[in-house]
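Nothing in this text is a laboratory measurement; each read-out follows from the coordinates by a stated rule. These numbers come from a predicted model, not from an experiment. Don't worry about glycine lacking a Cβ; one is built from the backbone with ideal geometry, like all the others, and counts go over all protein chains shown.
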Amino acid sequence: MKPEPVVIPLRKIHETAVVHPNARIGKDVEIGPYSVIGENVLIDDGTKIGAHVVIDGWTSIGKNCVVYPSSSIGAEPQDLKFRGEKSYVFIGDNTKIREFVTINRATGEGEETRIGSNCLLMASTHIAHNCVLGNHVVMSNAAALAGHVIVEDRVVIGGQAGVHQFVKIGRNAMVGGASKVVQDVPPFVIIDGHPATVRGLNSVGISRAGVSDVARRNLKTAYKILYRSGLSLAQAIAVMEQDLDFCEEVDHMLRFLRNAERGICRGHKETNS
């Protein structure tokens with residue numbers, strides 16, 4: 001019986017790229033000029049790495065991603081607590097990482113920085129250690145996340161926005177450009193300002209996400225209870241639990257609010273008038 005033939009993955013690696021022999025490179029991967037790929041890196045099928053990219057540490061990049069020139073992924077975190085421990089970066093499928101993006105691996109033995117699938121990280125964005133991004137997240141140019149930030153699915157973060165460490169941003173939220181975000185951002189809202197305050201419901205983002213008409217009406221009522229009733233957060237949660245019909249979106253918002261450890265962004269003064 002003849003042995004099965006060895007299948008050699010199809011790859012296109014520029015002659016000036018430096019790829020460690022232990023790096024795991026999938027089929028149809030392209031690696032551009034002068035890029036450096038470290039020993040513990042995994043790049044899955046169909047991903048394209050541009051010129052002058054550095055990918056280091058224990059970094060895994062999914063299928064059909066695109067990393068544009070001069071990005072740095074998996075480097076040691078900018079954290080004084082880091083002591084050289086083994087930590088990770090995981091990036092999902094179909095994510096685009098534009099020029100000069102920096103993504104740091106985590107602080108803490110076995111900890112991770114994680115980015116979901118179908119994200120767009122525009123030029124010069126920064127994702128610090130231990131951040132977790134969901135799917136379909138968009139970060140505009142020069143937006144920056146400090147350590148341990150959690151960003152849920154379908155969030156849009158405007159250019160030059162800065163997010164404080166340990167902040168959570170709920171799904172389908174929108175952060176205005178140049179905003180300073182120091183408290184948790186509830187799902188489905190728009191925030192803006194320095195410091196950021198809530199300006200309204202993200203009606204366009206909710207509609208684009210395919211949220212049902214019933215759920216949209218419930219979210220509108222939930223927003224009014226949370227930001228226009230004058231109630232405390234605990235009181236608003238109690239009223240929402242009592243008065244709103246069940247739907248997945250409201251249930252998600254309530255779970256988020258109950259676990260808002262940093263407090264939530266306040267409403268703009270015009271919202272409370």
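Side notes on the structure shown:
- Count of the range 123-151 residues, restricted to those that are more than 20 Å from residue 177 (Cβ to Cβ) and in a loop (DSSP other than H, G, I, E, B), is 6.
- Checking residue 178 against (1) part of a loop (DSSP other than H, G, I, E, B); (2) farther than 27 Å from residue 143 by Cβ; (3) small (Gly, Ala, Ser), the condition it does not meet: (2)
- Selection count where residues are more than 20 Å from residue 59 (Cβ to Cβ), over 11 Å from the mean Cα position of the chain (by Cα) and surrounded by fewer than 24 Cβ atoms within 10 Å (Cβ to Cβ), scope the range 147-166: 7
- Of residues in the range 196-205 being free of Cβ contacts under 8 Å to residues at least 60 places away in the same chain and out of contact with any Phe, Trp or Tyr (no Cβ under 6 Å at 6 or more places or on another chain), the one surrounded by the most Cβ atoms within 10 Å (Cβ to Cβ): 205
- Entirely in the range 199-273, the helices (runs of 4 or more DSSP H) that have 2 or more residues that are of a type in the set (Lys, Arg): 213-227, 248-258
- Breaking point among (1) free of Cβ contacts under 8 Å to residues at least 40 places away in the same chain; (2) within 20 Å of residue 264 (Cβ to Cβ), for residue 156: (1)
- Scanning the range 226-235 for residues that are surrounded by fewer than 19 Cβ atoms within 10 Å (Cβ to Cβ) and either touching a helix residue (DSSP H, G or I) at 6+ places or on another chain (Cβ under 9 Å) or of a type outside the set (Lys, Arg) (or both) gives 229, 230, 231, 232, 233, 234, 235.
- Considering the range 68-89, and only residues there that are hydrophobic (A, V, I, L, M, F, W, C) and not in a loop (DSSP other than H, G, I, E, B), the residue that is farthest from the chain's Cα centre (by Cα) turns out to be 75.
- When we screen 66, 89 for residues that are buried (at least 18 other Cβ atoms within 10 Å of the Cβ) and aliphatic (A, V, I, L, M), the only hit is 89.
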